[in-house]
Amino acid sequence: MDQLLHWFDLIGIAVFAFSGVLAAGHKQMDLFGAVVLACVTSTGGGTIRDIILNIPVFWLQEPYYLWIAVITGVVSFYLIRYLQVPMRLLMVADAIGLAVFVVIGTQKGLEMGYSATIAIVMGMMTGTFGGVIRDVLSGDIPLLLRREIYATAALTGAAVLVALDASSKLPGDLVVAIAVLVILSIRLAALRWNLSAPITRFGNH
């Protein structure tokens, strides 16, 4: 399972870095701005998670994570300059990164011996906080705080992972894969059919 999580981690870094560059492109940022968004989007959630858990920050221990983000950022910057990239692709890339990082964060919480609740919170942080930083820096309302089915997908997938892990009836790799697919399916279904959560309203407005 460790090998599968490692590959998922690398995929998540690259996909979230790509989503950061797409966000930068829609805000007409330069190369530096695009690379910054690529790096903070792909490493932000894991960085906050590791600081809270009081463990070494993952990309300080293994700098190749940061290099993957930087290289992906540079390549993506020049790629989207010559290709018409729809905003929808940003949402799909974000969904993939969300699914992967929520599962990785939840699994890390479980491996460190924390309760199911804390593991789920760690998963939510890992999967969503990088995107929050990206959206704040690019001047958008974070996806986490919008009416879209986003946090619900992350929470459901993390809960599925915790429940299946506790049952010990399935191989670890299969549990991880199922949790990723649950999050990805819910998020992509919400995008496909424009599903959303109820919004806050005041009075009759």
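The table below lists the values:
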| quantity | calculated |
| --- | --- |
| Flag for residue 92 being open to solvent by 20 Å² or more (accessible area, probe 1.4 Å) and assigned to a helix (DSSP H, G or I) | yes |
| Residue tally, condition buried (at least 18 other Cβ atoms within 10 Å of the Cβ), more than 16 Å from residue 12 (Cβ to Cβ) and touching a residue at least 24 places away in the same chain (Cβ under 8 Å), over the stretch 160-174 | 2 |
| The stretch 2-17 - residue that is aromatic (Phe, Trp, Tyr) and modelled with pLDDT under 95 and, of those, most open to solvent (accessible area, probe 1.4 Å) | 7 |
| Candidates 132, 85, 75 - the one that is of a type in the set (A, V, I, L, M, F, W, C) and outside any helix (DSSP H, G or I) | 85 |
| Selected residue (only one of 152, 156 is open to solvent by 30 Å² or more (accessible area, probe 1.4 Å), β-branched (Val, Ile, Thr) and at pLDDT below 95) | 152 |
| Near pairs, Cβ below 7 angstrom, 6+ apart or cross-chain, from the stretch 131-159 (more than 20 Å from residue 181 (Cβ to Cβ) and without any contact (Cβ under 8 Å) to a residue 24 or more places away in the chain) to any residue that is open to solvent by 10 Å² or more (accessible area, probe 1.4 Å) and not in a helix (DSSP H, G or I) | 136/142 |
| Odd one out for residue 194 among (1) part of a loop (DSSP other than H, G, I, E, B); (2) touching a residue at least 60 places away in the same chain (Cβ under 8 Å); (3) among the polar types (S, T, N, Q) | (2) |
| Residue under evaluation residue 108, criteria (1) modelled with pLDDT under 95; (2) charged (D, E, K, R); (3) closer than 21 Å to residue 160 by Cβ, criterion not met | (1) |
| Matching option when the condition is closer than 15 Å to residue 16 by Cα and open to solvent by 80 Å² or more (accessible area, probe 1.4 Å), among 100, 75, 132 | 75 |
| Yes/no for residue 109 being closer than 26 Å to residue 36 by Cα and open to solvent by less than 40 Å² (accessible area, probe 1.4 Å) | no |
| Neighbours by Cβ (under 7 Å, 6+ apart or cross-chain): first from the stretch 12-34, closer than 20 Å to residue 86 by Cβ; second among the aromatic types (Phe, Trp, Tyr) and part of a helix (DSSP H, G or I) | 21/77; 34/77 |
| Residue that is farthest from residue 73 (Cα to Cα), among those in the stretch 25-39 that are among the hydrophobic types (A, V, I, L, M, F, W, C) and open to solvent by 40 Å² or more (accessible area, probe 1.4 Å) | 29 |
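The values are calculated or read from the model by the stated rules, or taken from the named source; none is laboratory data. Note that the coordinates shown come from a computational prediction; the quantities given were computed from them, not determined experimentally. Methodologically, a virtual Cβ is constructed for each residue, glycine included, from the backbone with ideal geometry; neighbour enumeration extends over all protein chains shown. Accessible surface areas use protein heavy atoms only, side chains included; no ligands, DNA or RNA. Shrake-Rupley method; radii C 1.70, N 1.55, O 1.52, S 1.80 Å.
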